[in-house]
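Step one of this worksheet: look at the structure below.
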Amino acid sequence: QVQLVESGGGVVQPGGSLRLSCAASGIMSSIYFMGWYRQAPGKQRELVATITSGGITNYVDSVKGRFTISRDNAKNTVYLQMDSLKPEDTAVYYCNAKRQFFDYWGQGTQVTVSS
């Protein structure tokens, strides 16, 4: 059974940092195209960052220079380091794993940026 389990969300003040983790089981995440998405209340889910099996990263413009996606293949885990957080980053963050016909999602973790 494939599971993606996110952790690391919480409440943080503007300008603060959080690191999200996505622990995969049932798959070798190292061969998957991994991504972080987010969905704010009343808005559509949007792609935040991706990392290929070869380590190539890509980011949505609104988080470039503030967020960093990385992977630890030995731990079968993908991370999202979020710095200089803004209130508009408030959302539920989801981990995603894609490969060929396979598309897996985690349950999400809430990130709230508020003073």
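Return yes or no: is Gly108 open to solvent by less than 60 Å² (accessible area, probe 1.4 Å), out of contact with any Pro (no Cβ under 9 Å at 6 or more places or on another chain) and under 19 Å from Gln1 (Cβ atoms)?
Answer is yes for this residue.
So which strands (runs of 3 or more DSSP E) are wholly in region 17-111 and hold at least 1 residues that are among the acidic types (Asp, Glu)?
46-51, 67-72, 102-105
Given the condition touching a helix residue (DSSP H, G or I) at 6+ places or on another chain (Cβ under 9 Å) and at pLDDT below 95, answer yes or no: does some residue in region 78-87 qualify?
No, there is no match, as no residue in region 78-87 is touching a helix residue (DSSP H, G or I) at 6+ places or on another chain (Cβ under 9 Å) and at pLDDT below 95.
Mind listing whichever residues of region 43-64 are more than 10 Å from the chain's Cα centre (by Cα) and either at pLDDT below 95 or among the hydroxyl-bearing types (Ser, Thr, Tyr) (or both)?
Once the filter is applied, which keeps residues that are more than 10 Å from the chain's Cα centre (by Cα) and either at pLDDT below 95 or among the hydroxyl-bearing types (Ser, Thr, Tyr) (or both), region 43-64 yields Thr52, Ser53, Gly54, Gly55, Thr57, Tyr59, Ser62.
Among Val60, Val2, Val12, which is the only one that is touching a residue at least 24 places away in the same chain (Cβ under 8 Å), farther than 15 Å from Asn96 by Cα and open to solvent by less than 50 Å² (accessible area, probe 1.4 Å)?
Residue meeting the stated conditions: Val12.
Output the residues belonging to region 63-87 that are touching a strand residue (DSSP E or B) at 6+ places or on another chain (Cβ under 8 Å) and without any contact (Cβ under 8 Å) to a residue 60 or more places away in the chain.
Scanning region 63-87 gives Val63, Arg66, Phe67, Thr68, Ile69, Ser70, Arg71, Asp72, Lys75, Asn76, Thr77, Val78.
Output yes when any residue across region 87-101 is exposed (fewer than 15 other Cβ atoms within 10 Å of the Cβ) and among the aromatic types (Phe, Trp, Tyr), and no when none is.
Scanning region 87-101, I find at least one residue that is exposed (fewer than 15 other Cβ atoms within 10 Å of the Cβ) and among the aromatic types (Phe, Trp, Tyr), so the answer is yes.
Give region 10-57 a look and list any residue that's among the small types (Gly, Ala, Ser) and more than 15 Å from Glu88 (Cα to Cα), or say none.
Within region 10-57, Ser21, Ala23, Ala24, Ser25, Gly26, Ser29, Ser30, Gly35, Ala49, Ser53, Gly54, Gly55 meet the criteria.
Which ones in region 98-115 are at pLDDT below 95 and of a type in the set (A, V, I, L, M, F, W, C)?
Result: Phe101, Phe102.
Which condition from (1) in contact (Cβ under 8 Å) with a residue 60 or more places away in the chain; (2) open to solvent by 60 Å² or more (accessible area, probe 1.4 Å); (3) more than 11 Å from the chain's Cα centre (by Cα) is the one that Tyr32 breaks?
(2)
Being touching a strand residue (DSSP E or B) at 6+ places or on another chain (Cβ under 6 Å) and either over 14 Å from Ser70 (Cβ atoms) or part of a strand (DSSP E or B) (or both) is the filter here; which residues of region 1-13 pass it?
Val2, Gln3, Leu4, Val5, Glu6, Ser7, Gly9, Val11, Val12
The values are calculated or read from the model by the stated rules, or taken from the named source; none is laboratory data. Keep in mind that what you see is a predicted model, and the values were worked out from it rather than measured. Cβ: placed from backbone, ideal geometry, glycine included. Neighbour counts: every protein chain shown. Just the protein is used for accessible areas: all its heavy atoms, side chains included, with ligands, DNA and RNA removed. Shrake-Rupley method; radii C 1.70, N 1.55, O 1.52, S 1.80 Å.
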